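The values are calculated or read from the model by the stated rules, or taken from the named source; none is laboratory data. Owing to the predicted nature of the structure, the values given are computational and were not obtained by experimental measurement. FYI the Cβ positions are ideal-geometry reconstructions off the backbone, even for glycines, and counts take in every protein chain you see.
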Amino acid sequence: MYVTHYQSAYRVAFGILLDSALAEDVTQEAFTKAYLKRDAYRPIGTVRAWIHAIVAREAVSRLRWRRLQQRVLDTLGRQPKAPEIDFDAHETVVRLLGRLSAKTRAVVVLHHLHGYRYREIAGILGVPEGTVATRISSGLRQMRAALETSLDGADLQPIEETAVGMR
């Protein structure tokens, strides 16, 4: 199972987190959880979808935790070292995704990069199907606007808060 599904699980994590080291950690944690909960798996959907659901929930949870840590550090007047984002050949897409909230980014990644249908994403993330549709529409609109703005000479850097967590 690990060998078969690791790469796609990692891509889900990276698409949400935009941090390669953190995506690796989350992917490993998700596989550990899947192994420990293997008796809970019900063959209603595919194993791939089950793993992706665990990865997506773990990634969003990790972003929430990072946001909480950032709030505590801000309260204490300290700043952590900002994580470096590993941009590859898909640099523009990654930067555009970085401008989205984690919740919006999760549905865009699951739909457009992994081919899940709205109903499947709703099941994976535990949100209504209409919410999935709204987030995808909103995310694509935000990405399109950011791209158009960048073509007018503005920088495409991820929004500052995204680097440490969700908006």
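Points worth noting:
- Candidate set: region 87-125, residues that are assigned to a loop (DSSP other than H, G, I, E, B) and free of Cβ contacts under 8 Å to residues at least 12 places away in the same chain; chosen: the one nearest to ARG48 (Cα to Cα): GLY115
- Only a single item in (1) in contact with a Lys or Arg (Cβ under 6 Å, 6 or more places away or on another chain); (2) among the small types (Gly, Ala, Ser); (3) buried (at least 22 other Cβ atoms within 10 Å of the Cβ) is not met by SER101, and it is number (3).
- Of the residues ILE16, ILE54, the single one that is assigned to a helix (DSSP H, G or I) and either closer than 24 Å to LEU96 by Cα or touching a strand residue (DSSP E or B) at 6+ places or on another chain (Cβ under 9 Å) (or both) is ILE16.
- Any hit, region 92-103, residues being more than 15 Å from the chain's Cα centre (by Cα) and modelled with pLDDT under 80: yes
- Exactly one residue among VAL12, VAL55, VAL26 is closer than 21 Å to HIS112 by Cβ and touching an Asp or Glu at 6+ places or on another chain (Cβ under 8 Å), and that residue is VAL26.
- Of residues in region 12-56 being farther than 16 Å from ALA106 by Cα and touching a residue at least 60 places away in the same chain (Cβ under 8 Å), the one surrounded by the most Cβ atoms within 10 Å (Cβ to Cβ): GLY45
- Selection count, region 123-149, where residues are basic (Lys, Arg) and either surrounded by 15 or more Cβ atoms within 10 Å (Cβ to Cβ) or within 30 Å of ARG42 (Cα to Cα) (or both): 1
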